[in-house]
Amino acid sequence: MSSARVLRRALRSRFASTSSESSPLFSSSSVSSSAAQVEPAVPSSSSSSSRGENRYDVKSDEQNIINHIGQPTFQTHPHLFNPANKDDELTPGISKSEYASRRARLGKLLQENAVAILLSGDVSHYPNTVIPHASYRQDSDFMYFTGMMQPHSAAMIIKDREDAPLRYVLFTRRYDKRDEIWNGWRAHPEVAETFFGCDESVAIESMEEYLRKVLKSSSSSSSSFLSGGLSTARKVFMDKERFTTTAHGNQLLKVVTDGAFPTQALKAKSQALRWRKSESELILLQKSASANLEGIVAAMRRSRTNEVVTERDLMNVHEYTVKSLGADRLAFPTVMGASNRATIVHYYQNDRIVHPNDLCLMDAGCEMNGYVSDITRVWAGGSETASFVNDYQKAVYDRVCDVRAVVLAKLERDIRSQTPVSLHDLHVACVDATCDVLVDLLPSQTGGESITKNSLLSKGKYAQYFPHAVSHWLGMDTHDTPLIPGSTSIEKGVCFSVEPGLYFDPNDTTLPKSLRGVGARVEDEVCLNLRGEVDVLSRAVPVDREELDAFIASNISTSATTTTTTTTTTTSSQK
Ligand SMILES: [Mn+2]
């Protein structure tokens, strides 16, 4: 049976009994004034239901039902889904069974008689208003286990015994007509069960009471949650800091702490699972990287004009392009620094004019289907015929590319010889190669000190020119799974950045004048694919200076459509 038919049947049978009880968590004095500011007041269900506004007017047509789910489906967003998998994908690219297997793997990491509690991401508002920011971003852990993209939701994964099936309960807001008018469609408990594949869907307004029962059931053999009695207290897996930002979260936390139930953080377990990506996740990471590359190429093209362009123009061209290709948002504020702004690692003002032959550093990323990209390229812009004209610019850029080559070669060599290699090992190799470069680029006496590899390393002086790490994990977040130490050996399915750089402070008078204000970083996305091969997801845009110039020139002379084909061809070949 198609999911739409299942939904239609469920809706017909269940909406007739839609509860019109009041909403204890959101409608009354239980919401503090500070929480009301964070979470705008939802009107009392009881008052509006008395006017008949809170009844769901369900028509039997499929489109109406699908529209009420409140997040993309194949029917409403066919451009985001793979038509071949339209009945399987819960979110674009990820199947319902993959979400179920994620919960099952989490279940294996939990002890018996445990409950994991996850909250959806908070809604943020423009200051002093109840106007929400346009692009709601789901909490990554919650998204990973549920595929639920909507706010004001929560989930419990209950494990009674090793040999008993997990129980997955999803909590969503009750239907509220006024909320729908202001904020659009949402999944309500009546829809959620079938659509999200949970064992039970419950109104989030009743979650506190439900949690009490789950916790109490740990010592009760007659509980509806258990098929057998358990004598010890429920162990609760939750990230407490996530519960303190809303009145609702605080109430749930109080239920757990008042009962003195033993708690453990959930995030170490969720990050351990999220760290290794599945085949579908790697495909989504490649799609995100390919869209991001399209955006960077569009910015390159825009920079090669004789019109006056600003850094912001280039940033906007990138953002427009990635969003046109399906990105929901940028992964982080774009760094678009021309000339000496390229020396500022997290430059975000992006508001100055790009002059002819300026080096343009763009460090950009987008989030698409829940997965991010993070790529940096440097090129010469500001005029139709821009090129690297300064020998120091050429030298710094070329030597950063050399460091990149050293790091990637080490990675490739270690993976091939099955030598364990970690992000920390890559950083050590990067620092070593960077020091070699610095010895060549810096005068032998700089700032009253003699520059040798030893002096750069032993005093950590290299960090003045290379202040960041060469790598971080990548995935649903830009700095993904930060609890996985950098000393962990890279495994199949793991994705990370490789980003060497060199930055020479414009105001550092100890440097030769031509070196001041020169900065370059080259950042690639790398994964060890499931076949155990090193895969550079950002390889469609070259880094070698001459190759890159030829690439930009060919992209200027061709149409935007042709460019799209150039980089997405690589995406297709990845699958
Ligand atoms: Mn990065």
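Every number here is computed from the coordinates shown, using simple stated rules; none is lab data. Only a predicted model underlies this, so the values are computations on that prediction, with no experimental measurement involved. Here the Cβ is made from the backbone with ideal geometry for all residues, glycine too, and neighbour counts use every protein chain on show.
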Tell me, what ³J(HN,Hα) does each residue in region 538-552 have, in order and in whole Hz, if you take phi through Karplus 6.51 cos²θ - 1.76 cosθ + 1.60 with θ = phi - 60° and put x for Gly and Pro? 9, 6, 5, 10, x, 10, 3, 4, 6, 4, 5, 4, 5, 5, 5
FRET efficiency estimate (nearest 0.05) - Cβ-Cβ, Asp544 to Glu412, R0 22 angstrom: 0.85
For region 101-112, Karplus-derived ³J(HN,Hα) couplings (6.51, -1.76, 1.60; θ = phi - 60°; whole Hz; x for glycine and proline) come out as 6, 5, 5, 5, 5, 5, x, 5, 8, 8, 6, 5
Using 7 Å Cα-to-Cβ label points, what is the Glu200/Gln464 separation (nm, one decimal)? 6.4 nm
Distance in nm between pseudo-label sites at His346 and Thr385 (7 Å out along the Cβ direction from Cα): 4.1 nm
Relative contact order for region 276-574 using alpha-carbon pairs under 8 Å, separation at least 6, rounded to a whole percent? 23 percent
Within 10 Å of each residue's Cβ, count the other Cβ atoms and sort Tyr168, Tyr348, Tyr397, Tyr462 from fewest upward. Tyr348, Tyr462, Tyr168, Tyr397
Which pairs break 28 Å Cα to Cα here: Lys108/Lys240; Lys277/Lys453; Lys240/Lys323; Lys96/Lys323; Lys461/Lys492; Lys96/Lys287? Lys277/Lys453; Lys240/Lys323; Lys461/Lys492
